[in-house]
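Only one structure is covered here, and it is reproduced in the block below.
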């Protein structure tokens, strides 16, 4: 793996030099965009608005537009100078219970690896997080953007999860949502029973990206000139009066294993 950020974890007065690595990789198929007429590959270019000519990455800079349409051009050194500490430090400011953080705030997970000089302090923080069952709330700057994050630990590694700031979450007030009074007591009791019947220990390895596998089968069939049958799934809108019968039928079915 290739690190995408280097710096240190700030834990009180302790600094732990670390490298940051992406913890995920996509399982979806890599599809190219083609011209429908001749299947030529579609290319995206960075074009100068005035000249219409393509600009190399090496010649591209970032700038902030002023009210008079002039730009203040910013360099990598400028981003660091704005807050040298935040660009090089994952500063833990608080420790909280992980269950207090709603899932809507979670964004991207990363692995943290210690430099040799910070291995002992890294191990200490990892074990302390596990023993207390807490996560550290931290801020840091990566790619000229400040991020909020939590640091949690398992037996092997400290995981940094970028989370969204509160102002980035939309208020659901504009949605048309049913009130609690819409739920009948007997239906709720039946739904709770169904949840209990389907409850088990979470095992992530049971769940697979089967859509990409199915799509690959279709691609192979088309590559061999085989006809592909078009299939559509019709979504049935259930009426509320059917809920009890559907719940009863659900309770009567055997639990299916995740593929």
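When segment 131-146 is filtered for residues that are surrounded by 10 or more Cβ atoms within 10 Å (Cβ to Cβ) and not in a loop (DSSP other than H, G, I, E, B), the ones remaining, listed by number, are 132, 134, 135, 136, 137, 138, 139, 140, 141, 142, 146. Scanning segment 60-100 for residues that are assigned to a helix (DSSP H, G or I) and either outside the structural domain of residue 133 (by TED's automatic domain parsing) or surrounded by 10 or more Cβ atoms within 10 Å (Cβ to Cβ) (or both) turns up 76, 78, 79, 80, 81, 82, 84, 85, 86, 87, 88, 98. Residue count for segment 147-177 satisfying the condition of being outside any strand (DSSP E or B) and in contact with a strand residue (DSSP E or B) (Cβ under 6 Å, 6 or more places away or on another chain): 3. Being under 22 Å from residue 10 (Cβ atoms) and loosely packed, with under 14 Cβ neighbours inside 10 Å holds for only one residue in 155, 127, 168, and it is 127. The set of residues in segment 25-40 that are exposed (fewer than 10 other Cβ atoms within 10 Å of the Cβ) and closer than 27 Å to residue 209 by Cα comprises 25, 26, 28, 30, 31, 32, 33. When segment 178-202 is filtered for residues that are in a helix (DSSP H, G or I) and either loosely packed, with under 10 Cβ neighbours inside 10 Å or assigned by TED's automatic domain parsing to the domain that holds residue 102 (or both), the ones remaining, listed by number, are 180, 181, 182, 185, 195, 196. Condition first: part of a loop (DSSP other than H, G, I, E, B) and modelled with pLDDT of 90 or more. Can you find one or more residues in segment 3-13 that meet it? Yes, segment 3-13 has at least one match.
The values are calculated or read from the model by the stated rules, or taken from the named source; none is laboratory data. Predicted, not measured: the structure shown is a model, and the values here were computed from it. As a convention, Cβ positions derive from the backbone with ideal geometry for all residues, glycine included, and neighbour counts pool all protein chains shown.
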